[in-house]
Amino acid sequence: MLGQIGQLFGLSGQKERGRELLEKPLVFNPGKTGSYQGSLAIICYMQKDYSCATNAIEHSDATQVNTYFGIAAVIYAQTGDIGKANAALEKFRQAAPSFIPNMWQELSARNIPLEDQLHIADGLRKLDVAIPQLPEVQ
């Protein structure tokens, strides 16, 4: 439960609290942590802690989650590992072909704050991905 609550806090903008809660199950049960590592990776990415993000994504086995490769792509893009970033981006496009064309809606539906959405877009731009225009907020 700690991991799930940590995911909710972290992805909704309360990154420090979410990360704190999410890291606890990784200590308590290190053998079953793949999906939590994936969530930790995106939270660390949003905190611009790319070392933590890289470590977490490389310890995650959540490749069945369609956003896994997207997370990996932006992490590797920010760290300058363009080869790994492009490989992950290609797998992401195959796993979730409609995500990037609809990324603002996809990220908003996951309650990701705009500031973090823009940071994700920045990672994709480093891979020469055409980012859709940000919808106007009314």
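Worth a mention:
- No other residue among 38, 34 is under 25 Å from residue 131 (Cβ atoms), touching a Ser or Thr at 6+ places or on another chain (Cβ under 6 Å) and either crowded, with 20+ Cβ neighbours inside 10 Å or at pLDDT below 95 (or both) apart from 38.
- Residue in region 49-57 that is among the polar types (S, T, N, Q) and either closer than 20 Å to residue 9 by Cα or in contact with a strand residue (DSSP E or B) (Cβ under 8 Å, 6 or more places away or on another chain) (or both) present: no
- Within region 6-34, residues that are of a type in the set (D, E, K, R) and in a helix (DSSP H, G or I) have Cβ atoms under 6 Å from residues that are at pLDDT below 75 and surrounded by 15 or more Cβ atoms within 10 Å (Cβ to Cβ) in these pairs: 24/2, counting only partners at least 6 apart in sequence or on another chain.
- Any hit, region 86-106, residues being over 15 Å from the mean Cα position of the chain (by Cα), modelled with pLDDT of 95 or more, surrounded by fewer than 16 Cβ atoms within 10 Å (Cβ to Cβ) and in a loop (DSSP other than H, G, I, E, B): yes
- Restricting attention to region 59-84, the residues being more than 12 Å from the chain's Cα centre (by Cα), in a loop (DSSP other than H, G, I, E, B) and of a type in the set (Val, Ile, Thr) number 1.
- Candidates 44, 52 - the one that is hydrophobic (A, V, I, L, M, F, W, C), surrounded by 20 or more Cβ atoms within 10 Å (Cβ to Cβ), without any contact (Cβ under 8 Å) to a residue 40 or more places away in the chain and not in a loop (DSSP other than H, G, I, E, B): 44
- If you go through region 91-122 and keep only what is out of contact with any Phe, Trp or Tyr (no Cβ under 8 Å at 6 or more places or on another chain) and among the acidic types (Asp, Glu), you end up with 115, 116, 122.
- All positions within region 119-138 that are in a helix (DSSP H, G or I), surrounded by fewer than 16 Cβ atoms within 10 Å (Cβ to Cβ) and of a type outside the set (Lys, Arg): 122
- Any hit, region 43-54, residues being over 21 Å from residue 2 (Cα atoms) and of a type in the set (S, T, N, Q): yes
The values are calculated or read from the model by the stated rules, or taken from the named source; none is laboratory data. Note that the structure is predicted; figures quoted are calculated from it, not measured. Note: ideal-geometry Cβ built from the backbone for every residue, glycine included; neighbour counts use all protein chains shown.
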